[in-house]
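Encoded as structure tokens, the structure appears first; notes follow it.
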């Protein structure tokens, strides 16, 4: 069968989604090799997936991005953008030799790393783009995925979208210069940014149409398959709950789990509502902080919990707006309180609120504000009804197995164009 390479930034949620796709392809007989900086190897949990380290990436490139996510004030945003540019620069220089040595048949490229698409075009290799976060595909009349704006068609909204896009492009100009320097060296047309480095064959997205703003200009080869998840055992043992009190789950993801103050505000808000609260901090807190949260109002504080199983019991979830948690909440019809912090989380939170499946709040909200939001989610059945209406689309989207078929067909010589890819 074929040998495919995966090129993606070293971010936990991205790697795990692409790992699920890799496992589905391996089950169909294909070989998969991840090409990333050496420190990303630990993000892969499947030892059967090959890993090719790219040495000499800028020191601390992933670490700087992680630290900005954890504490946005600790680093300059421009510093992180500069690191992204250096990573793309290094990958564009290193990938041609690596790909030729590995003799790959095609690439699976995260939308957030343009080097994969540029080098694939330069070498004449077919590639598929994957949107692990909100799609970067641009469309007139829509805000960029990193922006916190709701959808609107009025003049004010459209002007806001246009102005914010200009600001974003100005901020990303250094990254775009690197993209175009290599495009010229490869003999390729110039690009305007990440959105111009996507596959013409097939693009795969975890974002369901029902979760996004209305789109009218997606390419023919765009496929919304829903969450890319690995099959695994689910914890079926229920949490020991008091059925007369609401149950709320709070998780801020793998990179935000250290946020004690925010968790403390959530715990105090739940105490005001006499709600049972489970906090999963993903290893970000110590035992002393966990005990303080229990005293503040949390019933349980743990490092990790089976999110899907917990959401089946919960009446509401408090999240940083990570796409994976939001999709899990849709699957279980659990109303969402999104508290975005970085990256595409403001865009996800805006879509949650606009679609009527939850509410959004600032991470600087007071206890009373969060309690008010949670009380609305618990008392207004419309949020759960809107979530239930999305479940049919989620269950039919196909996930990793559908994505594997799309990749297989798009990267096969027998399926050279997007119109031949199965929907």
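Observations on the model:
- Put in line by how crowded their Cβ is, counting other Cβ atoms within 10 Å and starting with the fewest, 288, 351, 138 read 288, 138, 351.
- Per-pair calculated FRET efficiency, R0 = 51 Å: residue 242 and residue 177 via Cβ, rounded to 0.05: 0.30
- Among 123-134, 9-20, 243-254, the peptide with the highest mean count of other Cβ atoms within 10 Å heads the list, and the full ranking is 123-134, 9-20, 243-254.
- Residue ranges 101-107, 370-376 sort as 370-376, 101-107 when ordered by packing (mean number of other C-beta atoms within 10 Å per residue, highest first).
- Compactness of region 172-264, taken as the C-alpha radius of gyration over 2.2 N^0.38 Å, stands at 1.75.
- Beta bridges from DSSP with both residues in region 247-395: antiparallel share about 0 percent, rounded to the nearest 5.
- Relative protection proxy for 312-322, 82-92, from highest mean packing down: 312-322, 82-92 (other beta-carbon atoms within 10 angstrom).
- Tilt relative to the chain, helix 382-396 - C-alpha long axis, 0 to 90 degrees, to 10: 30
- Computed from the C-beta positions of residue 313 and residue 166 and an R0 of 51 Å, the FRET efficiency is 0.65 to the nearest 0.05.
- Just checking the listed ones, 238, 145, 219: in the Gaussian network model of the chain with Cα springs under 10 Å, the one fluctuating most is 238.
- Between region 1-36 and region 175-248, the alpha-carbon center distance in angstrom: 15
- Note on region 247-395: Rg/Rh from Cα positions, Kirkwood definition for Rh, rounded to two decimals, is 0.93.
- Available extension along the chain between residue 395 and residue 47 is 122.4 nm, counting 0.36 nm per residue and deducting the alpha carbon span.
- Across the chain, the relative contact order, built from alpha-carbon pairs under 8 Å that are at least six residues apart, equals 16 percent.
- For the residues 323, 118, 167, a GNM of the chain with alpha-carbon springs under 10 Å puts the largest fluctuation on 167.
- Based on C-alpha pairs under 8 angstrom that are at least 6 apart in sequence, region 300-353 has a relative contact order of 34 percent.
- Its alpha carbons considered, the chain gives a radius of gyration followed by a Dmax of 21.4, 67 Å.
- Euclidean distance of C-alpha centroids, region 304-337 and region 115-135, integer Å: 31
- The chain: angle of helix 345-354 to the longest principal axis, Cα-based, in degrees nearest 10: 60
- C-alpha long axis of helix 323-332 to longest principal axis of the chain, angle in °: 60
Laboratory data are not the source of any read-out in this text; all were calculated from the coordinates shown. The structure displayed is predicted, hence computed values, not measured ones. Cβ coordinates were reconstructed from backbone atoms using ideal geometry, including for glycine residues, and neighbour counts include every protein chain displayed.
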